[in-house]
Amino acid sequence: MNIEFNFISNIQSCFDIVRDAVPVNLVYYSHIPASIASLIIGFFVLIKNKQLIGKIIFFITLTFSAWCFIDIFLWVSYNSQIYMFFWVFVDILSLLLFILNVYMINVFADNHDVKLWVKIVWFVLLLPLVVSFGTKYAISSFNLTECLPMETRLHSNYVVFTYAVMLAWFLLSVFIKYIKAGINNKKQILIIS
């Protein structure tokens with residue numbers, strides 16, 4: 001079920017507040033170079049390392065770059081429909097970044113791919129955000145006072161829950177991999193994490 005956009009779609013006043021607080025050029029300078037540098041590094045790693053770890057790092061940089069460009073829209077958009085669309089998409093990309101980083105640390109430390117059941121768990125964690133994308137279950141309305149889309153309680157709680165799960169998973173993975181690693185690999189695990 002799609003959200004009905006029967007409320008104000010022009011949020012120019014919100015854009016003006018943000019523009020007065022933070023120069024829009026600063027947003028461009030902070031996001032575009034980081035995104036481009038990330039893509040360059042990602043392509044370089046992919047070209048130099050065609051193994052699974054290289055592909056994972058490439059997808060991390062690709063996801064980060066997409067997150068940067070979409071975040072620019074959140075800063076400079078004054079159409080509430082576009083704003084609300086991208087607001088939820090940022091949550092999906094953020095969780096995907098968590099998942100890809102946990103994936104990378106596991107593949108790097110173990111020198112092989114993770115088990116299928118782990119990938120299924122990650123997919124299941126990501127699935128509710130993807131399914132609720134663009135529906136009333138993710139965003140209920142737009143708050144003109146705070147100039148923010150109003151996430152439903154279910155969506156907000158799920159996002160926080162999944163971030164916490166993936167952060168705990170990451171920290172636990174690093175801890176376990178560090179304990180099990182040989183003396184030469186301990187430093188590498190700390191650096192990559």
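The values are calculated or read from the model by the stated rules, or taken from the named source; none is laboratory data. Only a predicted model underlies this, so the values are computations on that prediction, with no experimental measurement involved. Backbone-built Cβ (ideal geometry, glycine too); neighbour counts: all protein chains shown. Please note that ligands, DNA and RNA were not included when accessible areas were found on the heavy atoms of the full protein model with its side chains. Shrake-Rupley method; radii C 1.70, N 1.55, O 1.52, S 1.80 Å.
General remarks:
- A simple spin-label model places pseudo-atoms 7 Å from Cα toward Cβ; at Phe69 and Leu167 they are separated by 2.9 nm.
- Gyration tensor (Cα) of the chain, equivalent ellipsoid semi-axes in angstrom: 35, 21, 14
- Peptide packing: for 123-134, 91-102, 107-118, the average count of neighbouring Cβ atoms within 10 Å per residue gives the ranking 91-102, 123-134, 107-118, highest mean first.
- Mean sequence separation of contacting Cα pairs (under 8 Å, at least six apart), scaled by the length of the range 131-193, corresponds to a relative contact order of 18 percent.
- Relative protection proxy for 60-71, 32-43, from highest mean packing down: 60-71, 32-43 (other beta-carbon atoms within 10 angstrom).
- In this structure, the amide hydrogen of Ile139, modeled 1.01 Å from its nitrogen in the peptide plane, lies closer than 5 angstrom to those of Thr152, counting only residues at least 5 positions away or on a different chain.
- Residues with amide H under 5 Å from that of Asn79, placed H, sequence gap 5 or more: Ile11
- MRE, 222 nm, helices only [DSSP H, n ≥ 4, -39500 (n - 2.57), over the chain, to nearest 500]: -26000 deg cm²/dmol
- Fully extending the segment from Asn25 to Arg153 would add 42.7 nm, taking 0.36 nm per residue of separation and subtracting the current Cα-Cα distance.
- Accessible area (Å², per residue) of the chain, counting only protein heavy atoms and a probe of 1.4 Å: 59 Å²
- On the range 50-193, 71 percent of the accessible area sits on carbon and sulfur atoms, based on a 1.4 Å probe.
- Net charge over other residues, Cβ less than 13 angstrom from the Cβ of Ala109 (K, R count +1; D, E count -1): +2
- Across the chain, the relative contact order, built from alpha-carbon pairs under 8 Å that are at least six residues apart, equals 23 percent.
- Backbone geometry of the range 152-168 corresponds, through the Karplus equation with coefficients 6.51, -1.76 and 1.60 at θ = phi - 60°, to 3J(HN,Hα) couplings of 5, 4, 4, 5, 4, 5, 5, 4, 4, 4, 5, 4, 5, 4, 5, 5, 4 Hz, x marking Gly and Pro.
- The magnitude of the dipole of the chain, with charges of +1 and -1 set on the Cβ of Lys/Arg and Asp/Glu and taken from the Cα centre, is near 1000 debye.
- Extension gain for the segment Phe123 to Ile40, taken as residue separation times 0.36 nm less the Cα-Cα distance, is 27.1 nm to one decimal.
- Taking the range 21-104 and dividing mean pair separation by its residue count, relative contact order in percent (alpha carbons under 8 Å, at least six apart): 31 percent
- Backbone HN-Hα couplings from phi across the range 83-97 [Karplus 6.51/-1.76/1.60, Hz, Gly and Pro as x]: 4, 5, 4, 6, 4, 6, 5, 5, 4, 5, 5, 5, 5, 4, 4
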